[in-house]
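Trainee: To start, I am sharing the structure in question, which I have written as C-alpha cells.
The values are calculated or read from the model by the stated rules, or taken from the named source; none is laboratory data. This is a predicted model, so every value here is computed, not measured. Using ideal geometry, Cβ is built from the backbone for each residue, glycine included, and neighbour counts are taken over all protein chains shown.
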Amino acid sequence: MLQAVERPNIYCEMLGPDQFGIIEKPLTLVEQIYNQVWLRKITILVVLAVAWEIYGRWLDNPLLVPPFSDAMRALITDVANGAIPQRALSSIQVLLVGFASGTVLAGLLTVFAISSRIGTDFLDTMTAMFNPLPAIALLPLALIWFGLGAGSLVFVLIHSVMWAVSLNMLAGFRGVSTTARMVGRNYNLTGLRFVARILIPAAFPSILAGLKIGWAFAWRTLIAAELVFGVSSGQGGLGWYIFESKNQLNIPEVFAGLLTIILIGLAVENVVFRFIETRTVQRWGMQT
Amino acid sequence: MASGATLASKSTLPGMGGAKAASPEAAIRGRAVTDTDPGRHLLDVRGVTIQYKTQHHLITATYRVSFNVLQGDRFVVVGPSGCGKSTLLKAVGGYLAPTEGEIRLKGELVTKPGPDRIMVFQEFDQLLPWKTVFENVAFPLKTTGTLQGKAADERAMHYIEKVNLTDFAHSYPHTLSGGMKQRVAIARGMAMEPDILLMDEPFAALDALTRTRMQDELLGLWDEIRFTVLFVTHSIPEAIKLGSRILLLSPHPGQVKAEINSVPRGQENSDEAAALGREIHEMLFADQIEEAPNASGG
C-alpha cells in the first residue's frame, strides 16, 4: 500500500571555511620525488648502465662488449681531447642543413597540396613512391650527381626528411576543424596568411610529430651514410668515427660513438622538442 | 572598409529600433512579404534556395526563403532539426552561395565571408587554442586591420570586461568552461562591431543553468549596445525570450512558415509568451508525423 507521506522542506546550515578539517594536504617527499619525470627517466638510465657494467665484467671480453665504465672512459677522453665534439659538430652541421631544407621543402609541398587538388594528388603519389624508399639507397646516385662531399649527404637527408614531414603536415592540415577554418575566413584571411595564422598553429601537434620523425630519420640516414662513405664529408662525422674505431679494434671508442649519438638524440628530444612542446601544444591544451 | 560604416550605423541605432516597432502589426503568414522600403533593411534575404550535394544526393536545404532584418533587430530563426536554418545562416555568412535568390547586406550582395558579418558558432573550438582570451578577441581586429596596436588592445579589453572575463583575459581557452568560451566568442564577435552578428545555436552545447544565464547576459549586452543579431535556434522558449522578431521555418526543405513578433522584453514567462510558444509549436509540428523520418541533419 502506497501512502502519501508529507515531507517537509529541509534546509541545512553550512559550515564556515574555518570549520573544515584538511582540505589540502601536501604530498609526502617520496611522492614528490616520484612525481618528477626526469628523475624517473634517470633511474631507468642508471639501471640500464648498471646492467651493462655487470654484463661486461662478467663476459670479460672487451672486444665484444666492453663494460660501461670503459665506454664512458673512452667517451670522456675523446670528448676532452676534442675528437668527438669535432666529429659531432661536423655531423650536426650537415644534419641541420639537410633537416632544415627538407622541412622547408615539405612545407612548400604541403601548402601546394592543400591549395589545389592536383597538388594533393602530387603529394600523395610522391609520398607513396618515395617514403618507403630508403634514403641510403640513393647515396650511390647522389655521389655521382653531387660528388664526394656534403652535397650528397644533404641530398639523401632531404629525401629522408621531406616525405615523412609532409605526410604529417598534410594529415595535420586536413584535421583542422571546419569551425576554425570558417573563423579564419570570417576575418578575411586567405592564402598564405590563412595558412600561417590558422592552419599551421591548428595543425601544430601533427607538424611537431612530423618534425620529430623527420629528425630521427635524418640522424639514421646520416650515420648510415657516413658509415658507408664517411670520408666523403670532409673530415668525417660520428659515423666515420665509429667505423674508424672499429677498424682499429678500439671497441670502447665504438661504444663511445654510439653513446654520443644517443646522448645527442636524448638532448634534442628532451630539451629542444620538449621546450617547443611546453611552449606551444601543451600550453594551448592540444596535448595533455 | 566595414569599420567606418559600422561605427556610423551604430549611432543611428535607437532611432531605427523605433522605426521597426512602428511597422504594421499584421502578422505575415506564409511566404514573407517584401517590404516596400528596402533602403531601411540591414539584411535582405530574398527568395533564397540553397542546395548542396552529398555523395549520393542533391539536398534542398531551404526553398525560397525571404526575410528582412532591420537595424537593432534580435532576429531569431527557429525550426526543427533539418530545416536548413544553420545552412541559411552560413549562406548569410557567405560560406555558401544560394542556388537561387540573393542575400544583400546594406544593399551589397553577399558573395564571400567577411568581417562585417561575424559568426558565433555552437562549437567550442571556434576559439583559437593557441591564443589567450585577450589575443582571441584582439585577433580579428588586428588581422582585418580594423584597429591597430593600442586601440585594438583597448577595444578587446573593453568587450572582455563587458562579458565579465577580465580575470581570465590571459588564460588559454582550454582552461575555460563551456559558457566562458562562448562568452569569449561573443566578445570577439562584438569587438568587431559588425553590421550583424550571426549566432548559430551558440548556447546549445551548454547546460540548462548556464544557458539561461547566457541568454540573460546576451539580452543585457543588447540593452547596452543595441547590436543587430541574427540568431538560429531550435528551442522555442529561447526564440521567444531572445527574439524581437521570429522567423519560423518548416522542416526539409526549410520554407518560411511565419514571421512574427515576439513578446516584449522580460515577459518570456507571461501567459502571452506561453500562448505564443504553443502557437509556434503547433505551426512547426503540425505536419510532424509525415516529416519525422526525414528530420535528420542540421
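Trainee: Residue check: is residue B:141 in a loop (DSSP other than H, G, I, E, B), out of contact with any Pro (no Cβ under 8 Å at 6 or more places or on another chain) and either within 13 Å of chain A (Cβ to nearest Cβ) or under 29 Å from residue B:251 (Cα atoms) (or both)?
Mentor: No, not satisfied.
Trainee: On to the next question. Restricting to segment A:185-203, and then to whatever is more than 7 Å from every other protein chain (Cβ to nearest Cβ) and of a type outside the set (Gly, Ala, Ser), can you tell me which residue is nearest to the chain's Cα centre (by Cα)?
Mentor: It comes out as A:200.
Trainee: Another question about this same structure. Which is in contact with a Ser or Thr (Cβ under 9 Å, 6 or more places away or on another chain), assigned to a helix (DSSP H, G or I) and of a type in the set (A, V, I, L, M), of A:104, A:94, A:111?
Mentor: A:94
Trainee: Return a yes/no flag: does segment A:141-156 have any residue that is within 14 Å of chain B (Cβ to nearest Cβ) and surrounded by fewer than 23 Cβ atoms within 10 Å (Cβ to Cβ).
Mentor: Looking through segment A:141-156, none of the residues is within 14 Å of chain B (Cβ to nearest Cβ) and surrounded by fewer than 23 Cβ atoms within 10 Å (Cβ to Cβ).
Trainee: Of the numbered conditions (1) under 30 Å from residue A:72 (Cβ atoms); (2) small (Gly, Ala, Ser); (3) buried (at least 21 other Cβ atoms within 10 Å of the Cβ), residue A:224 satisfies every one except a single condition; which is it?
Mentor: All conditions pass for residue A:224, except number (3).
Trainee: Condition first: touching a Ser or Thr at 6+ places or on another chain (Cβ under 9 Å), surrounded by fewer than 20 Cβ atoms within 10 Å (Cβ to Cβ) and either away from chain A (no Cβ under 14 Å) or under 15 Å from residue B:185 (Cα atoms) (or both). Now tell me which residues in segment B:81-121 satisfy that.
Mentor: B:81, B:99, B:100, B:101, B:106
Trainee: If you go through segment B:280-298 one residue at a time, do you hit one that is at pLDDT below 85 and among the hydroxyl-bearing types (Ser, Thr, Tyr)?
Mentor: Scanning segment B:280-298, I find at least one residue that is at pLDDT below 85 and among the hydroxyl-bearing types (Ser, Thr, Tyr), so the answer is yes.
Trainee: Go through (1) at pLDDT 90 or above; (2) surrounded by fewer than 22 Cβ atoms within 10 Å (Cβ to Cβ); (3) under 17 Å from residue A:102 (Cβ atoms) one by one and return the number of the condition residue A:218 breaks.
Mentor: For residue A:218, the exception is condition (2).
Trainee: Moving on. Is it fair to say residue A:179 is assigned to a helix (DSSP H, G or I), surrounded by 22 or more Cβ atoms within 10 Å (Cβ to Cβ) and among the β-branched types (Val, Ile, Thr)?
Mentor: Judged against the criteria, residue A:179 is not a match.
Quick grid of which residues meet (1) more than 14 Å from chain B (Cβ to nearest Cβ); (2) assigned to a helix (DSSP H, G or I); (3) touching a Phe, Trp or Tyr at 6+ places or on another chain (Cβ under 7 Å); (4) free of Cβ contacts under 8 Å to residues at least 60 places away in the same chain:
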| residue | (1), (2), (3), (4) |
| --- | --- |
| A:239 | yes, yes, no, no |
| A:260 | yes, yes, no, no |
| A:267 | yes, yes, no, yes |
| A:271 | yes, yes, no, yes |
| A:278 | no, yes, no, yes |
| A:283 | no, no, yes, yes |
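Trainee: Given the conditions (1) within 14 Å of another protein chain (Cβ to nearest Cβ); (2) without any contact (Cβ under 8 Å) to a residue 40 or more places away in the chain; (3) surrounded by 17 or more Cβ atoms within 10 Å (Cβ to Cβ), report the number of the one that residue B:160 does not fulfil.
Mentor: (1)
Trainee: Could you grab me the full set of residues in segment A:259-286 that are touching a helix residue (DSSP H, G or I) at 6+ places or on another chain (Cβ under 7 Å), modelled with pLDDT of 90 or more and of a type in the set (A, V, I, L, M)?
Mentor: A:259, A:261, A:264, A:268, A:276
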